[in-house]
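*Asks:* Encoded as structure tokens, here's the structure I'll be asking about.
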Amino acid sequence: MSVVKTEVPAGFVPVYTRPKSLSEKRFTYCPGCHHGIITRLVAEVIDELGIQERTVGVAPVGCAVFLYEFFRCDFAQAAHGRACAVATGIKRANPDLIVFTYQGDGDLAAIGTAETVHAANRGENITVIFVNNQIYGMTGGEMAPTTLPGMRTVTTPEGRDVRLTGYPLKMSEMLAQLDGPAYITRQAVFDVRHVQMTKKAILKAFRNQLEGKGFSLVEVVASCPTNLRITPAEGNRWVREQALKYFPLGDLKVRD
Amino acid sequence: MEIGVIFAGFGGQGILLAGKVLAQAAMERGFEVTWLPSYGPEMRGGTANCTVVVADEPVGSPIVDRPQVLVAMNGPSLERFGPRVAPGGVIIFNSSLVAAPPNRRDVRILPLPMNEIAQELGEARAANMVGLGAVVKVLGLFPLEAVTEAMAKELGARGRERLLAVNRQALLRGFSLA
Amino acid sequence: MKVLMRGNEAMAEAAIRAGCRCYFCYPITPQGELVEYMARHLPRRGGVFLQAESEVAAINMVYGAAAAGVRTMTSSSSPGISLKMEGISYLAGARLPAVIVNVMRAGPGLGNIAPAQGDYFQATKGGGHGDYRLIVLAPSTVQEAAELVMLAFDLSDRYRVPAMILADGMLGQMMEPVELPEPIPLERIPPKPWALSGAKGRDPNVASSFDLDPHRFREILRALWDVYREIERNEVRWEEYETEDAELVLVAYGTMGRICKTVVRRARKEGLRVGLFRPITLWPFPSEPLRKLASRVPVFLTVELSAGQMWEDVRLSVEGRAKTPFYGELGGVVPTPDEILSEVKKHVGG
Ligand SMILES: Cc1ncc(C[n+]2csc(CCOP(=O)(O)OP(=O)(O)O)c2C)c(N)n1
Ligand code: SF4
Ligand SMILES: [Mg+2]
């Protein structure tokens, strides 16, 4: 994996640097992929809370599988969909640790639905980052449970037909119905204002864990320009104009 | 007879397509053939290669440890596969992107400015076909038409007449330079 | 007419031609093209394509469709096949025919997507819980992959035993000319009186592997094992290449088998008397023919993309009559013909 090296020329003062909790490894995400922004936000939050040395991450199977290379934290790589169960095991074994998962929509809302729902329902004191890009990125663009109606993917070549494959799964709305979770919110990163709002949400989701409030999940509606075969700028527009129709932003549950 | 050809270069240079067209042509001319691509993260990493084996008996290994022909479309590919070419074999390399020719005396070395030729023809994406044209000449197993027909089949389905014409030119240039 | 096809696509097309009308899947590399081919073609040809929420769901959809009497298939690669194991055990217990394709990659765990043969034990010795077997077919060319998929449907229906195609990433990804077998007209598929079709004018049919009475369950399993013995008698398939005068016989299956064919050719060119024994059915394993060969061949070198799994069956078959060294690679690394040849030379001609 290649490495990022930045040298500050003499006389310059760095004002925007790499978060300390990130390693020097270069992200493996495609150019313009929202994963890159979201991964960085998590690192910034860990830095700001000063919890890098007691944080343990759980990496999914998906484009974020290499998360354990990107972070300077302890990490467990989980089987596809099982991150919330693995996180439960870590947190129960050592409640002093700050435990987070970072999962795609296939991972969290298809194969891992049961683990996610039950961790939420138990009010497991963990933080979950849920990247909803409406597609299976890593395997080459198959339908995800969150794929929009009519959207073409390699497994819905004629567009998603809701009569055959159902509707975009509203995982956060479902989880918000449960009594267990402390915080369920949906955010996006298609412009600067929303990036900042997402960061605030992630900060709150980690603070909740520090305060022992229980299960907190931040869903981020994202774009996968590679599999949608669009430019990064079009990806931002896609999220704002298409995805948000089905996945409106905002807090779905806040327990104080 | 069992001849191994390796095409290698950057992702996006049409490496896999060049191999596929060769395989298709060989099949149409009655040869046994196997096409094996590199797949997965290697391709994400920006490199691509494929192996084509053309034979007159059922193909054994789809993996070729000593290719008779290498088409290296960039420097890293030449470095990686150049040393493996069988003595007496041929290395065709893209001199538009590779400055130093490979340091081997026991093989035939054929530099081709694939990018320049493709640019002259007005279609940068046709560089792979220049390489393929040279392969057809070097192999001497079937006429160039076999490949132009196979290419028409591959691209024709995608309905790109202009691209087809340019690619035909590119094949011809590669063929005549080899 | 021959067409150039990827292994994954040829297997999908062969399944459709075999009369597969329900295909359930969950995406995974390196068999993605099989899924995509089915998504594009099966609905147009009167079948059902459904992407499930997991491999666990997919194999249980197969259980349902098989119980309903339809030819059905699922495909995956190693980690996904592990998840299907529970369902496969239930299929075997309920005597439901189905075809499962495993395009193997390197494990354990997430491993990587390079070709490997580490799932031999899982495929041939059970994999899921309980006393059962699968019919396991190992193609080495794209042509053979297409043919064996069709055979898998026939055998599975005939014996009411699930069948698995054990391929690997190389075979899934490679393209070769294929002469596709003619499609089987659906009306030629033998009727399935045991299927869940509605208990109209007959006693209800039940698809189940459950029986609380051990004695009764024993009888069910004895009958099942009678079927397995019959399969062992009738369905063993293998290929021998240049074994007549061989002093050393390579034993390898799938793509390793064909790589070893190149090794045999190179060895013969150097005057070494080397042959190849390639099991096509991994279960039932061709033990008898291998045992016969062992009465005149002194060395059997097993070559696998694993730490040595089929090797155990080779040794059990040869029963000490010959030397049985092993050569394997791990982690998705594929040995080259020359590497295998130098291993051969350690045991022959010296
Ligand atoms: C048990 C199992 N099934 C399937 C796979 C193949 N697989 C890898 S990533 C992935 C889906 C990725 O999609 P998503 O979770 O949405 O993440 P993204 O890549 O879009 O971020 C799948 C199905 C696997 N590794 N393991
Ligand atoms: S495939 Fe899509 S989700 Fe994956 S890294 Fe590329 S852009 Fe991002
Ligand atoms: Mg996704």
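*Asks:* For chain C, find the longest principal axis of its Cα atoms and tell me its angle to the long axis of helix C:7-17, 0 to 90°, nearest 10.
*Replies:* Approximately 40 degrees, to the nearest ten.
*Asks:* While we're on this one: Can you pull the semi-axes for region B:2-177, root of five times each eigenvalue of the Cα gyration tensor, sorted largest first, whole Å?
*Replies:* 21, 20, 16
*Asks:* At a 10 Å Cβ-Cβ cut-off, how would you order A:Lys20, A:Lys5, fewest neighbours first?
*Replies:* The most exposed by this proxy come first: A:Lys5, A:Lys20.
*Asks:* Can you give the FRET efficiency for C:Glu240 and C:Val206, using 1/(1 + (r/R0)^6), R0 = 41 Å, r = Cβ-Cβ distance, to the nearest 0.05?
*Replies:* Computed FRET efficiency for C:Glu240 and C:Val206: 0.40.
*Asks:* For a bin width of 5 Å, list the pair-distance distribution of region B:115-178 built from all Cα-Cα distances, rounded to whole %.
*Replies:* In order of increasing distance, the bins hold 4, 21, 31, 24, 15, 4 percent.
*Asks:* Please figure out what share of the DSSP beta bridges in region B:2-177 is antiparallel and state it in percent, rounded to the nearest 5.
*Replies:* Expressed as a percentage, antiparallel bridges in region B:2-177 total about 55.
*Asks:* Along the Cα→Cβ direction, 7 angstrom out, place labels at A:Val15 and C:Glu288. What is the inter-label distance in nm?
*Replies:* The modelled label-to-label distance comes out at 8.4 nm.
*Asks:* Shifting gears a bit: Of C:Lys84/C:Lys292; A:Lys5/A:Lys200; A:Lys5/A:Lys170; A:Lys170/C:Lys125; A:Lys25/A:Lys213; C:Lys2/C:Lys261, which sit over 31 Å apart, Cα to Cα?
*Replies:* The answer is C:Lys84/C:Lys292; A:Lys5/A:Lys170; A:Lys170/C:Lys125; A:Lys25/A:Lys213.
*Asks:* Using the 10 angstrom Cβ neighbour count as an exposure proxy, how do C:Tyr228, A:Tyr16, A:Tyr136, A:Tyr167 rank, fewest first?
*Replies:* Taking fewest neighbouring Cβ atoms as first place, the list is A:Tyr16, A:Tyr167, C:Tyr228, A:Tyr136.
*Asks:* Consider all pairwise Cα distances in chain A and report the whole-number % of them above 34 Å.
*Replies:* 13 percent
*Asks:* Same structure again: What nm distance separates the two modelled labels at B:Glu57 and C:Asp338, each placed 7 Å from Cα along Cα→Cβ?
*Replies:* Simple spin-label model gives 2.1 nm for this pair.
*Asks:* Would you kindly calculate the translational diffusion coefficient of chain C, applying Stokes-Einstein with the Kirkwood radius from alpha carbon pairs, for 4 °C and a viscosity of 1.567 mPa s, and quote it in µm² s⁻¹ without decimals?
*Replies:* Reported coefficient: 63 µm²/s.
*Asks:* Oh, and also: Name the lysines eligible as straight-distance cross-link partners of C:Lys200: C-alpha to C-alpha under 28 Å, and not fewer than 8 places from it in the same chain.
*Replies:* The reachable lysines, counting only those whose Cα sits under 28 Å from C:Lys200, are C:Lys192.
*Asks:* Aspartates and glutamates near A:Lys199 by alpha-carbon distance under 17 Å, same-chain residues fewer than 8 away left out - which ones?
*Replies:* Those aspartates and glutamates meeting the cut-off are A:Glu44, A:Asp47, A:Glu48, A:Asp191, A:Glu219, A:Asp251.
*Asks:* Just how far, in whole angstrom, is region C:278-350 from region B:125-178 if you go by their alpha carbon centroids?
*Replies:* 43 Å
*Asks:* Moving to a separate point now. Go ahead and run the numbers for FRET between B:Ser176 and C:Arg45, Cβ-Cβ distance against an R0 of 41 Å, rounding to 0.05.
*Replies:* It comes to 0.35.
*Asks:* Here is a further query. Take the Cβ-Cβ distance between C:Arg229 and A:His118 as r, set R0 to 41 Å, and report the resulting FRET efficiency rounded to the nearest 0.05.
*Replies:* Here the calculated transfer efficiency is 0.40.
*Asks:* Something else: Please figure out what share of the DSSP beta bridges in region A:132-256 is antiparallel and state it in percent, rounded to the nearest 5.
*Replies:* 50 percent
*Asks:* Points 7 angstrom from Cα along the Cβ direction at C:Arg222 and A:Asp251: gap in nanometres?
*Replies:* 6.9 nm
*Asks:* Only bridges with both residues in the protein assembly as shown count here: give the DSSP antiparallel percent, nearest 5.
*Replies:* Percentage antiparallel, nearest 5: 35.
*Asks:* Something else about it: Just add up the charged neighbours of A:Arg40: K/R +1, D/E -1, any other residue whose Cβ is under 15 Å from the Cβ of A:Arg40.
*Replies:* +2
*Asks:* While we're on this one: For B:Phe7, C:Phe49, what's the fewest-to-most ordering of other Cβ within 10 Å of each Cβ?
*Replies:* Fewest-to-most ranking of B:Phe7, C:Phe49: C:Phe49, B:Phe7.
*Asks:* Can you tell me the alpha carbon radius of gyration of region A:36-176 divided by the globular rule-of-thumb value 2.2 N^0.38 Å?
*Replies:* Taking the Cα Rg and dividing by 2.2 N^0.38 Å, one obtains 1.09.
*Asks:* Using the Cα gyration tensor of region C:239-345, with a ≥ b ≥ c the square roots of its eigenvalues, what is the shape: rounded (a/c below 1.5), prolate (a/b larger than b/c) or oblate (neither)?
*Replies:* oblate
*Asks:* What value does the protein assembly as shown have for Rg/Rh, both radii from Cα atoms and Rh as Kirkwood defines it?
*Replies:* 0.99
*Asks:* Taking each residue in C:42-53, count the Cβ atoms of any other chain within 10 Å of its Cβ, then average. What number comes out?
*Replies:* The mean count of partner-chain Cβ atoms within 10 Å per residue comes to 3.
*Asks:* Could you sort the peptides A:115-122, C:98-105 by per-residue average Cβ neighbour count (10 Å cutoff), highest mean leading?
*Replies:* Top to bottom by mean Cβ count within 10 Å: C:98-105, A:115-122.
*Asks:* Sort C:141-147, A:94-100 by packing, meaning the average of other beta carbons within 10 Å per residue, with the highest value first.
*Replies:* Per-residue Cβ counts within 10 Å, averaged per peptide and sorted highest first, yield C:141-147, A:94-100.
Values in this text are rule-based calculations from the coordinates and carry no lab data. Nothing here was measured: the structure is a model prediction, and the numbers come from that model. Virtual Cβ from ideal backbone geometry, glycine too; neighbours counted across all protein chains shown.
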